[in-house]
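Enquirer: Please find one structure pasted underneath; my questions will follow.
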Amino acid sequence: MAWRCSAPTNAGLIDNLTTANILQTPRIIAAMKATDRAHFSPRRPYDDAPQSLGFGATISAPHMHAHALESLAPMLRPGASVLDIGSGSGYLVAVFSKLVRPGGKVVGVEHIKELNEAAERRFVAAEGTLAKELLQKGEVVFKTADGRRGCPGEKFDAIHVGASIPVVPEVLIDQLKSPGKMFIPVGDVNEDQYIYEYTKDAEGHLTRERLFGVSYVPLGDVEYYYAKGRKLVE
Ligand code: SAH
């Protein structure tokens with residue numbers, strides 16, 4: 001039930017996700033509590049439902065963020081590198097950044113320039129001078145590019161994909177370190193979509209597991225999104 005964890009406050013929402021057993025890992029719970037969704041969700045930040053960001057994009061529902069963070073938790077250690085494809089609001093970039101400090105790196109890749117600029121502003125509003133420092137040092141990067149290519153030339157401990165694609169691009173698997181883990185919705189829009197976890201072990205051996213059915217916007221062409229509207233929701 002998408003709305004069952006809604007609450008009047010950020011702390012209440014995270015408590016409800018914990019009671020529902022979607023969240024279990026204390027470090028993840030602490031990072032989500034320390035990242036107020038009000039900075040990233042233009043409307044109803046504590047509702048357990050997606051909210052419009054404009055351009056046909058949405059900030060995902062809190063329970064989906066929780067599932068993604070729990071799935072990738074083993075990789076989210078200080079010093080780790082994380083790639084967030086379709087970073088949208090920037091919320092997960094902010095949470096990942098808390099989990100990989102000190103010494104880690106988070107790259108958010110978003111193809112809508114306006115959304116990416118807003119995400120960076122939201123990140124700075126949420127984290128203040130620390131955000132500016134992390135951006136300056138390149139420990140947090142908001143990159144405007146086609147995420148279907150990942151982040152060429154780099155490898156990551158964890159890859160999160162926030163939009164659905166029918167076939168997983170081989171380059172994303174190549175950009176996973178050994179060991180490494182990827183959380184990705186797979187499937188066409190208007191058809192069945194499922195979350196898949198791709199896990200590379202220390203020897204580079206890849207396994208794949210289907211988790212549950214979902215409904216994500218497509219990891220697609222920029223024109224599809226601009227056709228949905230050119231106004232940022234703030
Ligand atoms: N995790 C984000 C999800 C945003 S919705 C959040 O919770 O805020 C999915 C995002 O993927 C949208 O912002 C959309 O613009 C972006 N997207 C879709 N196709 C893309 C592509 N080919 N490359 C990069 N970003 C893409």
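The values are calculated or read from the model by the stated rules, or taken from the named source; none is laboratory data. Given the structure is predicted, the values throughout are model-derived calculations rather than measurements. All Cβ positions, glycine included, derive from the backbone under ideal geometry; neighbour counts span all protein chains shown. When the accessible area is computed, the model is the full protein with side chains, heavy atoms only, and any ligands, DNA or RNA have been set aside. Shrake-Rupley method; radii C 1.70, N 1.55, O 1.52, S 1.80 Å.
Enquirer: Would you tally the residues in segment 58-104 being out of contact with any Phe, Trp or Tyr (no Cβ under 7 Å at 6 or more places or on another chain) and of a type in the set (Phe, Trp, Tyr)?
Expert: Count: 1.
Enquirer: With 131, 158, 125 as the choices, which residue is part of a helix (DSSP H, G or I), open to solvent by less than 20 Å² (accessible area, probe 1.4 Å) and either near the ligand (Cβ under 10 Å from one of its atoms) or over 25 Å from residue 224 (Cα atoms) (or both)?
Expert: It is 131.
Enquirer: Just to check your reading of the model, which residue among 108, 103 is within 12 Å of the ligand (Cβ to nearest atom) and not hydroxyl-bearing (Ser, Thr, Tyr)?
Expert: So the residue among 108, 103 that is within 12 Å of the ligand (Cβ to nearest atom) and not hydroxyl-bearing (Ser, Thr, Tyr) is 108.
Enquirer: Ok, one more. Quick test for you: out of 97, 89, pick the one residue that is buried (at least 24 other Cβ atoms within 10 Å of the Cβ), away from the ligand (no atom under 12 Å from the Cβ) and either among the acidic types (Asp, Glu) or over 15 Å from residue 150 (Cβ atoms) (or both). Walk me through how you get there before you give the answer.
Expert: Values: 89 fails: away from the ligand (no atom under 12 Å from the Cβ).
Sole residue among the options that is buried (at least 24 other Cβ atoms within 10 Å of the Cβ), away from the ligand (no atom under 12 Å from the Cβ) and either among the acidic types (Asp, Glu) or over 15 Å from residue 150 (Cβ atoms) (or both): 97.
Enquirer: If you go through segment 169-206 one residue at a time, how many are surrounded by fewer than 17 Cβ atoms within 10 Å (Cβ to Cβ), out of contact with any Lys or Arg (no Cβ under 8 Å at 6 or more places or on another chain) and not in a helix (DSSP H, G or I)?
Expert: So the count comes out to 10.
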